[in-house]
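A short worksheet on the structure shown next.
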């Protein structure tokens, strides 16, 4: 079996430009929608939205690699990196590292890519890991860099990256290509094409001892941000994590060939889906702000606690809807008080009720089903 980097024309990937072109157009249109939506969130609310979106991406890009992070610690670290108040929540080294990297990607997206940039990200991401031989530099070990699964005595090798001795040369070529294909470079490429090729190429070289997946997704974010001229804020890691097996299957298949049209199409559709997730989240965030503007002063402590818990579930909502039993479990109150509280929330218009008797469920009454343009029109008076 010959890996892509062993083939004579490496790294000259082949793909059908016409096949990806419709996705490129859709990407630019959706990018405009997202940027327009975010502009309608101002001041402290915009800071809060930025923290929400970046913390979710930090959590998800780590989850893809099987690492579970503490959300409060991630958000505290992000706030600290942006110079915002942290509300006294401590930051653990693991969460602090991913937060530092995310903020650097966000804040310095326009800067050219350098070896130092990648080493800096790696150092941020893995400074807590005492088990690595090399942190903040390309790998140097003599052992083969393989992606394996299965039993230790009979592993399945999914991919083998170039030997460590070749990594510096491979990365010299990659970094030069990344900068040449930027919008202001000598040979610019469309957004999705560049991000997809860059991600596959980086993962194929696998230049670091660990953290290559998270760094490769950060590179894709940087690439997309450069093409649209500002941070994309799209839910890329979230969308990939929801189809983690498909992601790894696509990478594995296209690390054995230089014909990558199918990879570009898969990655392009994934980015487009990620944009829609972000649009939904921004609409949800705006609806949440409107909700609290209307109801904050009318909620008792129990109701406020339950509403906050429901919002924490995000746009998908409380799975199966909120039941009276859920309310009791969250607040520790009696059934009679629960019935009164829920009835009050329905009457004031904070919750919708569906079903009867033991099948009764409650849902936040949010106006998030409109299109992005309708939502923006309502907020701008158009």
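Points to keep in mind about this one:
Let's see how each residue does on (1) in contact (Cβ under 8 Å) with a residue 24 or more places away in the chain; (2) closer than 30 Å to residue 11 by Cα:
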residue: 253; (1), (2): no, yes
residue: 256; (1), (2): yes, yes
residue: 287; (1), (2): yes, no
residue: 298; (1), (2): yes, no
residue: 305; (1), (2): yes, no
residue: 309; (1), (2): no, no
residue: 315; (1), (2): yes, no
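- Among the candidates 350, 324, residue that is surrounded by 16 or more Cβ atoms within 10 Å (Cβ to Cβ) and over 20 Å from residue 296 (Cβ atoms): 324
- Test: residue 144 is in a loop (DSSP other than H, G, I, E, B), assigned by TED's automatic domain parsing to the domain that holds residue 97 and touching a strand residue (DSSP E or B) at 6+ places or on another chain (Cβ under 6 Å): yes
- Among the conditions (1) at pLDDT below 95; (2) in contact with a helix residue (DSSP H, G or I) (Cβ under 9 Å, 6 or more places away or on another chain), the only one that residue 83 does not satisfy is (2).
- Qualifying residue in segment 260-276 (condition: on the phi < 0 side of the Ramachandran plot, touching a strand residue (DSSP E or B) at 6+ places or on another chain (Cβ under 8 Å), surrounded by 16 or more Cβ atoms within 10 Å (Cβ to Cβ) and assigned by TED's automatic domain parsing to the domain that holds residue 8): yes
A quick yes/no check of all residues on (1) part of a helix (DSSP H, G or I); (2) on the phi < 0 side of the Ramachandran plot; (3) crowded, with 23+ Cβ neighbours inside 10 Å; (4) at pLDDT 95 or above:
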| residue | (1), (2), (3), (4) |
| --- | --- |
| 202 | yes, yes, yes, yes |
| 207 | no, yes, yes, yes |
| 210 | no, yes, no, no |
| 220 | yes, yes, yes, yes |
| 223 | yes, yes, yes, yes |
| 226 | yes, yes, yes, yes |
| 232 | no, yes, yes, no |
| 237 | yes, yes, yes, yes |
| 241 | yes, yes, no, yes |
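- Subset of segment 327-338 [surrounded by 12 or more Cβ atoms within 10 Å (Cβ to Cβ) and touching a helix residue (DSSP H, G or I) at 6+ places or on another chain (Cβ under 7 Å)]: 327, 328, 330, 331, 333, 338
- Candidates in segment 129-159 are the residues that are in contact with a helix residue (DSSP H, G or I) (Cβ under 8 Å, 6 or more places away or on another chain) and surrounded by fewer than 13 Cβ atoms within 10 Å (Cβ to Cβ); of these, the one that is modelled with the lowest pLDDT is 142.
- Selection count, segment 25-51, where residues are assigned to a helix (DSSP H, G or I) and surrounded by 18 or more Cβ atoms within 10 Å (Cβ to Cβ): 10
Every residue, every condition in (1) buried (at least 18 other Cβ atoms within 10 Å of the Cβ); (2) under 25 Å from residue 280 (Cβ atoms), yes or no:
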{"site": "11", "(1), (2)": "no, no"}
{"site": "19", "(1), (2)": "no, no"}
{"site": "23", "(1), (2)": "yes, yes"}
{"site": "59", "(1), (2)": "yes, yes"}
{"site": "63", "(1), (2)": "no, yes"}
{"site": "69", "(1), (2)": "yes, yes"}
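The values are calculated or read from the model by the stated rules, or taken from the named source; none is laboratory data. Here the structure is a predicted model, which means the values were calculated and not measured. Methodologically, a virtual Cβ is constructed for each residue, glycine included, from the backbone with ideal geometry; neighbour enumeration extends over all protein chains shown.
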